[in-house]
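Data block below; observations after.
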């Protein structure tokens, strides 16, 4: 498959291979056959020998590029070029969120009612009430303001106005509507005039808008202040979380040139299990069985993938296989893991204060966690020198520890771990780092978000050991791309490599060796 996602099956012949007849030039070339003439004897792929000049002869034209199709018209190439032209034409379109119809009318009324409402309300008293209580208190006041403005609303408009006003004062304004939508998995605010959301893996423009930059900045501050973080011109970057556990990143001017930018990664209210992922096509049943055994048998697991590929979801699903009697510590920058175990203690880093003091890093928390008698340590994401401490924990009696990192393949994940340790102030030879990784990590799970928006487990790879300076791995499962359906859905197959797992001895200690062997063969 090409970089532009050309579907297999579009080339000449029965498969995706190009036709193997004599190469002809592109349309309009000196040997192109006019469309109104009958085909030459012998068919398109085998024209008469005397009609084609021999290479090197005086009449022979320069050797043309072979066409992807056998009939010389090149529909596959034409379709690909049409898609490229369409993308080029669409790339310059500036999109901004625009409310229409009912929402727009409620928004306009809110702009008129809100200033007068604030004159009649004590903000401190309002902050102590719940949303439902505040709506009850507002109802008669809103009626008075509407009478003053000589506006008449029906029941539906009045309820919508109450909700918008309560969200404005106690919630996150226009974002509340998107946060309440279970189909939305990501919210990306690019300044006050443009907001995108992700639904089913695809980005689309949201139908919301903020009043102005000040309005958006206030909402960003409200998010950060609720978890003890701050965002302003002196600290223009902030990581935070919402009450439901959704992860939030805020970046404000002068770093963001379009105004305040907010990125929210929502998590499903209903925990996702490995069985649900298998039923949804993210992995095969055999892969799900092998991963369940990996979680229950205390394999040291690294989950690798790109941004938004489902690493945290996979980590949450794997954590469900942890024995309830084990003490689990999770360490993250912004706490987003939602473990179901009774003995679970989440830890979170702390940024420095205005004087640049008081910072607590992931590495500090990993060192401290080793003194807290954990059975397993789970790191939300490793980005730097904490990788060395995590490997040390995996190798010193904390079997079953897990972490995530950004990488495109299992082999790249191992290289990134080596680089992260070497980036720190720890002076260790590269071979010693590689050996510690090989001794510590049992399994690498590669997750990927494909072109059609689906998230799939593409590789399950074991780390076997060292052979000279190289870390040796073996692949247990692999997702193989086959084709693409008419509606753009990627069709593939999960394949077991049929290899005997190297971690079989570890699974045997928990009584899962036979089940693991059957799943992998």
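Every number in this text was worked out from the coordinates using simple rules, so none of it is lab data. No experiment lies behind these values; they were computed from the predicted model shown. So basically every Cβ, Gly included, is an ideal-geometry build from the backbone, and we count neighbours across all protein chains shown.
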Subject >> Rounded FRET efficiency, nearest 0.05, which uses the C-beta distance separating residue 251 from residue 367 and R0 of 45 Å >> reply: 0.90
Original post:
What is the spin-label model distance, in nm, from residue 426 to residue 215 if the labels are put 7 Å beyond Cα along the C-beta direction?
Top reply: 5.0
**OP:** Please say if segment 406-521 is rounded, prolate or oblate, where rounded means a/c under 1.5 for a ≥ b ≥ c the square roots of the C-alpha gyration tensor eigenvalues, and otherwise the choice is prolate for a/b larger than b/c and oblate otherwise?
**Re:** oblate
Subject >> segment 351-385 residues near the modelled residue 419 label - backbone nitrogen below 14 Å, point 7 Å along Cα→Cβ >> reply: 383-385
Original post:
At what distance in nm do the modelled label points of residue 196 and residue 355 sit from each other, each positioned 7 Å from its Cα along Cα→Cβ?
Top reply: 4.3
**OP:** Could you calculate the FRET efficiency of residue 345 with residue 396 from 1/(1 + (r/R0)^6), where r is the beta carbon distance between them and R0 is 22 Å, rounded to 0.05?
**Re:** 0.70
**OP:** Set the Förster radius R0 to 30 Å, insert the Cβ-Cβ distance between residue 112 and residue 243 as r into 1/(1 + (r/R0)^6), and round the FRET efficiency to 0.05.
**Re:** 0.45
**OP:** Compute the length gained on full extension between residue 226 and residue 483: take 0.36 nm times their separation in residues and subtract their Cα-Cα distance, giving the result in nm to one decimal.
**Re:** 87.8 nm
Original post:
Using a simple spin-label model with points 7 Å from Cα along the Cα→Cβ vector, what separation in nm is obtained for residue 86 and residue 412?
Top reply: 2.8
